[in-house]
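One structure below.
The values are calculated or read from the model by the stated rules, or taken from the named source; none is laboratory data. Just so it is clear, the model here is predicted, and its values are computed rather than measured. In this analysis, Cβ positions are derived from the backbone assuming ideal geometry, glycine residues included, and neighbour counts consider all displayed protein chains.
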Amino acid sequence: MVDVTGPGTPYINPAMLTAAPTGISWSTIPDRTATPEQKLAEQLNLCSRATAMVDECCNTTLRCTANAETLYGPDYRVTTRTGGVTRVMLARPPVTQVLGGRVSSAASFPPQWTDIPADQWQVEQPLIGVYGTSSPSDTGDGGQVVLLAPGYVDWSRGRNGYMLLINYLNGWPHAGLTAPAPRAGDMTLAVDDCTGWAPAGPGLPGATGIIFDGGQQEAITVTAATASTGPGTLTLAAPIAYAHQPGTVVSTLPEAVQWATILMASGMALTRGATATTIQSVGGKQQASRSPEDLMAEARLIIHPFRRVL
């Protein structure tokens, strides 16, 4: 494998794409005369394009991201309940953690901010994590609404009289190795994105994910990270069983999302001139073929439960 360059590791890498049962001859892409390096580069490009298309279909970024979102209220997405609790509908689901926020009069230029501590927020529909960890489940559930304690937003300034800046995490932690994990027994992994992997606080669980590395695939649970976002090192609850190379995907993403990404990449691969994938006949059964449109349609159907709805 090679290092993945760019804003982040795609949801799949070339090894995952070419190993999947798609019926595509990847050795002919971009063409039969291409060097191994050229073939690998185009496979990586397909993975990146397919990742972007999956996020586009979902109208949100599925990988875990740190967001600073500005909203105005009270109004449709910022409403104040009886008792003074403010209900805020954020843009990116599922919300996994509120890091804090600020509030100002919307009429102040520049804004005159009042800080809102993280303990004054709570997620309205907390995630039911996987295996008792902070990783969102594979079902696409989880809310995008958070609640703010009384005393920060009310109707005294009229409609849209307040401006809120909210910092939060959403989505599934996802990364790629940026350095080799050279031997079994290592307790750390160098990755390109630490967002969402570490526990939210003392005594709380970290995220559980999978190192997708062919026959050396294994599960990990993270107990700490050297960075809250971006590149850093993850500390594991148990040593790894295998060595792993840079570019290997480490992810909590639902495998349904990864399969949809593979189908998207396969559909794009077929548009170069091939008309369909061929499924080998088994036991005298009739052969079937899949067109690019079929693959894309199936991918969109698979990721439909993960779409953002406001």
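So, in the range 196-233, how many residues would count as being among the small types (Gly, Ala, Ser) and in contact with a Leu (Cβ under 7 Å, 6 or more places away or on another chain)?
Just the residues of the range 196-233 that are among the small types (Gly, Ala, Ser), to begin with: 196, 198, 200-201, 203, 206-207, 209, 214-215, 219, 224-225, 227-228, 230, 232.
Filter again for in contact with a Leu (Cβ under 7 Å, 6 or more places away or on another chain), leaving 196, 225.
Final tally of qualifying residues: 2.
Mind checking which residues of the range 81-107 are part of a strand (DSSP E or B) and within 12 Å of Tyr162 (Cα to Cα)?
So the first thing to find is which residues in the range 81-107 are part of a strand (DSSP E or B), and the list is 86-89, 95-105.
Within the range 81-107, Thr86, Arg102, Val103, Ser104, Ser105 meet the criteria.
For Tyr72, the test of being assigned to a loop (DSSP other than H, G, I, E, B) and modelled with pLDDT of 95 or more is failed. Here Cys47 meets the list (1) free of Cβ contacts under 8 Å to residues at least 60 places away in the same chain; (2) in a helix (DSSP H, G or I) almost entirely, failing just condition (1). Applying the condition of being crowded, with 17+ Cβ neighbours inside 10 Å and touching a helix residue (DSSP H, G or I) at 6+ places or on another chain (Cβ under 9 Å) to the range 149-199 and asking which residue is farthest from Ala91 (Cα to Cα) yields Tyr152.
When Met1 is tested against (1) surrounded by 15 or more Cβ atoms within 10 Å (Cβ to Cβ); (2) at pLDDT 90 or above; (3) more than 30 Å from Arg159 (Cβ to Cβ), exactly one condition is not met: (2). Of all residue pairs spaced 6 or more apart or on separate chains, those with beta-carbon atoms under 6 Å, a first member in the range 21-42 that is surrounded by 17 or more Cβ atoms within 10 Å (Cβ to Cβ) and a second member that is assigned to a loop (DSSP other than H, G, I, E, B) are Glu42/Ile29; Glu42/Pro30.
For Val95, the requirement of being assigned by TED's automatic domain parsing to the domain that holds Leu270, within 14 Å of the chain's Cα centre (by Cα), of a type outside the set (Phe, Trp, Tyr) and within 16 Å of Trp172 (Cα to Cα) is not met.
Pull up the range 257-309, narrow it to residues that are part of a loop (DSSP other than H, G, I, E, B) and within 30 Å of Val95 (Cβ to Cβ), then point me to the one that is modelled with the highest pLDDT. Per the criteria, the residue is Arg307. A single entry from Arg102, Arg87, Arg32 fulfils the requirement of being modelled with pLDDT of 95 or more, of a type in the set (D, E, K, R) and either touching an Asp or Glu at 6+ places or on another chain (Cβ under 6 Å) or in the same structural domain as Met264 (by TED's automatic domain parsing) (or both): Arg102.
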